[in-house]
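The structure appears right after this line, and notes come after that.
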Amino acid sequence: MPSVIVLLAWMIVPLVMTVWFSFQYYNLVNPEAAGFAGLDNYEFLVTDPDFWAALTNTVILLGSVLVITVGFGTLLAVLFDQPFPGRNIARLLAISPFFVMPTVSALVWKNLLMHPIYGVLSVAMRAVGLEPVDWFAQYPLASVIAIVSWEWLPFALLILLTAVQSLDHEQREAARMDGAGAIAQFFFLTLPHLSRAIGVVVMIETIFLLTVFAEIFVTTSGGPGNASTNLAFLIYARALLQYDIGGASAGGVVAIVLANIVAFFLVRSIARRLEV
Amino acid sequence: MATLTLRDLRKNYGPMEVIKGVSLDVADRELVVFVGPSGCGKSTLLRMIAGLEAITAGELQIDGQRVNELGPADRGLAMVFQSYALYPHMTVRQNMGFALRLARVPRAERDRKVDEAARILQLEPYLDRRPKDLSGGQRQRVAIGRAIVRQPRVFLFDEPLSNLDAALRGQMRIELSRLHEELNATMIYVTHDQVEAMTLADKIVVLQAGRVEQVGSPLDLYHRPENLFVAGFIGSPQMNMLPATVQEAGPSGLAVALASGTRIVAPVAAGSANQGDSVTLGIRPEGLRLDPDGPIGGEVRLAERLGGLTLLHVTIEDGRQVTVQIEGSDLTRPHETVRLSVNPVACHVFDQSGRAFTHLLKHSLAA
Amino acid sequence: MQDSLLQRVTTAITGWAVALLLFFPIGWMVLTSFKTEGDAVKSSLAFTPTLASYGEVLARADYLSFALNSVVVSVGGTVLALLFAIPAAYSMAFHPTARTRGTLLWMLSTKMLPPVGVLVPIYLLFRTAGLLDSRIGLVLIYALMNLPIVVWMLFTFYKEVPNDILEAGRMDGARVFSEVWHLLLPLTMPGVASTGLLSLILCWNEAFWSLNLTSAGAAPLTTFIASFSSPEGLFFAKLSAASTMAVAPILVFGWFSQRQLVRGLTFGAVK
């Protein structure tokens with residue numbers, strides 16, 4: 001039990017400090033304007049259109065990546081469960097993106113793949129006679145979603161694959177005796193069996209997706225405008241670009257609240273099944 | 001080796017009291033069996049003795065010393081779990097020697113003790129195997145071996161045979177009796193199987209809903225049950241229970257009438273019984289005999305032929321079903337009409353609260 | 001049932017196509033790293049491999065020092081997190097109180113807080129404690145960062161251990177320490193290993209704290225790569241070479257350990 005207390009203390013201290021700062025005027029470039037701010041920081045935040053855009057972007061990013069990774073992850077898990085020549089190596093290749101650091105993935109996607117002039121995608125499009133697209137300028141959020149999905153798809157695949165493999169073969173044979181085709185087997189057998197693993201994937205991914213930062217920082221810097229700014233990036237911009245610690249802390253508190261709301265729903269829908 | 005004393009032990013889970021004041025003395029070298037239906041608290045009681053569950057109230061003494069506050073390791077007890085609870089990552093030798101290793105016993109002595117226990121349990125060929133490579137019976141032995149090696153003051157067994165198949169269970173039962181004799185140890189044994197209780201115990205403690213129903217030798221409980229619960233729980237096949245009405249209380253016993261009007265005299269002290277009181281008449285299956293002049297008439301529904309003996313299921317005049325134990329050589333068939341007489345020694349009468357009227361006849365085997 | 005040949009061929013082709021597609025960005029990066037800057041922008045497969053970019057990157061930055069920092073802080077952070085999490089998860093799993101469940105979930109939810117939210121307090125704390133740009137500071141922050149997930153994973157693994165076995169240990173005289181050391185850890189080894197591996201990967205790839213809390217002395221590979229980002233963006237070959245060097249160790253490590261990683265995950269959380 002003491003270890004739990006140490007652990008909690010360690011986690012609470014920064015949190016308390018954040019809450020404290022959120023009620024202060026605290027600007028690094030303007031040190032005279034210090035003092036108690038009451039709810040001013042919060043008021044400033046909620047009346048800021050950037051904030052609401054960031055909130056929306058955060059939720060869209062979370063939702064899209066979850067749908068993409070879980071959807072494709074499930075299909076790919078079933079695919080990689082089938083035996084085929086060189087399956088182990090193919091699987092190894094497929095899960096590789098998970099080990100790549102977000103900064104590097106973002107850099108590679110930005111420069112080598114999606115660069116409007118030299119990127120592989122542009123070159124390929126020109127080769128078939130299409131007008132290349134400046135991905136990060138025209139579809140900033142979608143581009144970020146693509147990168148993040150690429151990073152997390154392997155994780156979903158890995159977890160779901162282990163779950164698919166633990167599916168009882170006799171069950172599947174029984175289903176086949178009952179006349180279930182491949183599609184029926186997938187929906188009535190595989191999918192329900194995966195529900196718990198999907199829960200794990202959603203839970204862990206949510207934790208990381210709410211705080212996506214490096215990918216945005218490297219590629220779009222939140223822009224153009226606020227088109228790809230999420231909450232994490234907004235707070236970063238407040239704190240380190242505008243030196244408004246009070247405002248950033250208020251944003252941090254909002255993020256904590258959001259995190260707890262999401263956590264609450266996760267608990268209701270998933271965690272029960274995790275027997276936490 | 002050790003005596004054990006329980007003084008009004010109680011256990012609460014929140015507002016729920018699951019052990020409601022148990023007092024008991026266990027003599028040195030005695031094998032005491034806790035028996036009762038599932039949920040009666042017998043395992044909880046054992047775990048309280050072991051130190052795995054905290055004692056809410058009351059006192060537990062080992063050799064006259066209060067041990068409530070001691071941890072499981074310091075009470076000098078060893079326990080054999082229902083699931084065996086062997087350490088899967090250790091070999092049999094390591095499993096059996098783990099306690100000694102923790103106690104920093106030198107390796108040579110440790111090996112000697114493990115070898116000795118392995119010899120007693122015929123486990124020598126398996127010492128370097130892991131639990132998963134052993135059969136159920138062998139795992140059971142290892143679990144017992146792990147307890148023996150520690151030379152505990154008291155052995156605790158928590159339903160140790162319930163995961164074995166019937167044949168093996170019978171064999172292990174005999175083995176446990178032999179061990180008890182060989183080790184000369186105090187043992188407490190929990191089971192829900194009354195046959196195990198009857199065959200193993202020096203003393204049986206019947207528990208129900210967190211209370212002791214009766215304590216006594218196996219034959220005590222069989223021949224002189226103090227209440228309906230014990231009468232019904234001990235003995236297989238079960239005692240026949242028939243509703244009856246008190247007709248007359250005399251010095252030689254209590255005359256009761258079955259629903260059909262049949263009058264039977266049971267040799268029990270009348271106590272406070274009054275004419276017209278509702279009672280329950282209990283008769284062991286071997287207490288009923290086929291007898292053309294018997295007072296009870298009925299029709300045979302089913303004959304279970306076990307070979308040496310046969311169990312007849314008979315529907316008697318008041319519509320109730322009774323079990324009658326007869327010789328295996330008897331040729332009575334289903335659908336025959338029979339008459340039954342009652343052996344008074346095997347008769348018990350219970351009042352409405354389930355308490356037994358005191359038997360007037362002394363039983364040669366019971367206290 | 002025998003799958004038809006056609007079906008099997010389709011499976012193989014799809015499987016490989018998907019694998020290659022997912023691996024393409026990494027493969028392309030490695031490929032580009034062997035090109036000259038001139039070839040790199042041509043998106044062509046016809047080129048003469050050269051190590052020139054690697055040479056330039058190594059000449060410009062002390063790769064080994066960054067790599068060493070990465071190894072030290074990743075391993076340090078992971079070990080520290082495990083040291084805290086093993087007893088914490090133990091008490092949560094085997095001596096739960098009414099608040100255990102809530103605590104666990106609350107811990108997980110703190111992981112959803114953008115790190116930048118607590119950046120300022122942490123920065124100030126670190127400045128006061130003299131931990132800025134130190135490996136110890138980064139180890140501390142990485143351990144803290146991964147604790148919720150590590151504790152949660154260990155918790156689910158511990159939950160799989162039959163209580164009987166630990167009680168048997170207690171009867172055999174095991175104190176809390178022996179119970180954890182001799183029984184719990186060996187029994188949950190695959191789970192502990194995969195938890196450690198995951199934490200290691202997460203630490204290695206962490207960019208936010210390393211960028212903000214370190215400058216030169218303790219900077220790991222994520223900082224190294226950041227120095228090649230925007231201004232040098234157009235030097236594709238050098239960028240690729242640096243990226244390849246930053247990713248290669250953990251990628252190879254990940255390939256070798258993925259079986260172990262999967263084994264642990266099957267054993268606990270997923271099954």
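Throughout, read-outs are computed from the coordinates displayed, never taken from laboratory work. The shown structure was predicted, so the numbers you read here are calculated from the model rather than taken from an experiment. FYI the Cβ positions are ideal-geometry reconstructions off the backbone, even for glycines, and counts take in every protein chain you see.
Between the amide H of B:Arg129 and those of B:Val92, B:Arg93, distances stay under 5 Å, these residues lying 5 or more places away or on another chain, with hydrogens modeled in the peptide plane.
Legend: residue pairs B:Lys203/B:Lys362; B:Lys20/B:Lys362; B:Lys42/B:Lys113; C:Lys111/C:Lys159, Cα-Cα distance threshold 25 Å; pairs beyond threshold, B:Lys20/B:Lys362; B:Lys42/B:Lys113. Each Cα pair under 8 Å and six or more residues apart adds its sequence gap; the mean of these over the residue count of chain C is a relative contact order of 31 percent. Partner shielding of C:245-256 amounts to 3, given as the average count of beta-carbon atoms from other chains within 10 Å of each residue beta-carbon. Decide, for the range A:36-275, between rounded, prolate and oblate: order the square roots of the alpha carbon gyration tensor eigenvalues as a ≥ b ≥ c, take rounded if a/c falls under 1.5, and otherwise choose prolate if a/b is larger than b/c, else oblate. Oblate, since a/c reaches 1.5 and b/c is not below a/b. Among rounded, prolate and oblate, which fits the range C:62-226 when a ≥ b ≥ c are the square roots of the eigenvalues of its C-alpha gyration tensor, a/c under 1.5 means rounded, and a/b larger than b/c means prolate? Taking the square roots of the gyration eigenvalues as a ≥ b ≥ c, the range C:62-226 is prolate. Residue ranges B:110-121, C:184-195 sort as C:184-195, B:110-121 when ordered by packing (mean number of other C-beta atoms within 10 Å per residue, highest first).
Here each label is just a point 7 Å from Cα along the line to Cβ, and for A:Val16 and A:Asp50 those points are 3.1 nm apart.
For the range C:115-149, the residues whose backbone nitrogen is under 20 Å from a point 7 Å from the Cα of C:Asp62, taken along Cα to Cβ, are C:131-139.
First check a/c for the range A:41-129, with a ≥ b ≥ c the square roots of the eigenvalues of its C-alpha gyration tensor; if it is under 1.5, answer rounded, and if not, answer prolate when a/b is larger than b/c or oblate otherwise.
Oblate shape, in that a/c is at least 1.5 and b/c is the bigger or equal ratio.
With a cut-off of 12 Å between beta carbons, the residues surrounding A:Phe233 carry a summed charge of -1, where Lys and Arg count +1 and Asp and Glu -1. Here the scattering of the range C:83-139 is modelled by Debye summation over its C-alpha atoms, one equal scatterer each and no solvent; at q = 0.14, 0.19, 0.25 Å⁻¹ the log10 of I(q)/I(0) is -0.60, -0.86, -0.96. Could you compute the FRET efficiency for B:Glu336 and B:Gln122, with r as their C-beta to C-beta distance and R0 at 60 Å, rounded to 0.05? That gives a FRET efficiency of 0.75. Take the Cβ atoms of C:Phe256 and A:Phe265, set R0 to 56 Å, and the FRET efficiency comes out at 0.90. Mean per-residue shielding of peptide A:83-94 is 6, counting Cβ atoms of other chains within 10 Å of each Cβ. Mean partner shielding of peptide A:145-154, defined as the number of other chain Cβ atoms within 10 Å of each residue Cβ, is 1.
Helices assigned as whole DSSP H runs in chain C whose Cα atoms extend at least 20 Å along their own long axis and whose mean Kyte-Doolittle hydropathy is 1.0 or higher are found at C:5-33, C:63-94, C:135-159, C:189-205.
How much net charge surrounds B:Pro292 when only the other residues with a Cβ under 14 Å from the Cβ of B:Pro292 are counted, with Lys and Arg +1 and Asp and Glu -1? Taking every Cβ under 14 Å from that of B:Pro292, the sum is -2. Excluding same-chain neighbours fewer than eight residues apart, the aspartates and glutamates reachable from C:Lys35 by a Cα-Cα span under 20 Å are C:Glu56, C:Glu232.
Near B:Met79, the amide H atoms lying under 5 Å from its own belong to B:Leu156; only residues 5 or more places off or on other chains count, and H is placed 1.01 Å from N. Divided by 2.2 N^0.38 Å, where N counts the residues, the Cα radius of gyration of the protein assembly as shown comes to 1.28. At an R0 of 41 angstrom, the distance between the Cβ atoms of B:Glu59 and B:Ala269 translates into a FRET efficiency of 0.70. Sorting the segments B:197-208, A:246-257, A:74-85 by their mean number of nearby beta carbons within 10 angstrom, highest to lowest, gives A:246-257, B:197-208, A:74-85. The helix-only estimate of mean residue ellipticity at 222 nm for chain B, built from DSSP H runs of length n ≥ 4 each weighted as -39500 (n - 2.57), is -7000 deg cm²/dmol after division by the residue total. Toward the positive end of the charge dipole of the range C:62-226, with +1 on the Cβ of Lys and Arg and -1 on the Cβ of Asp and Glu, the farthest Cα among C:Ala89, C:Met189, C:Leu221 is that of C:Ala89.
Please work out the Cα convex hull volume for the range B:4-232 and give it in Å³ per residue.
127 Å³
Taking every DSSP helix (H) stretch of at least 4 residues in chain C, weighting each as -39,500 (n - 2.57) and dividing the sum by the residue count yields a mean residue ellipticity at 222 nm of -23000 deg cm²/dmol. Rounded to two decimals, the Cα radius of gyration of the range B:237-350 over 2.2 N^0.38 Å is 1.07. Centre-to-centre separation between the Cα atoms of the range B:30-107 and those of the range C:130-163: 35 Å.
Relative contact order, percent, of chain B when contacts are C-alpha pairs under 8 Å separated by at least 6 residues? Rounded, it is 15 percent for chain B.
The modelled label-to-label distance between C:Thr10 and B:Leu311, using points 7 Å beyond Cα along the C-beta direction, is 6.1 nm.
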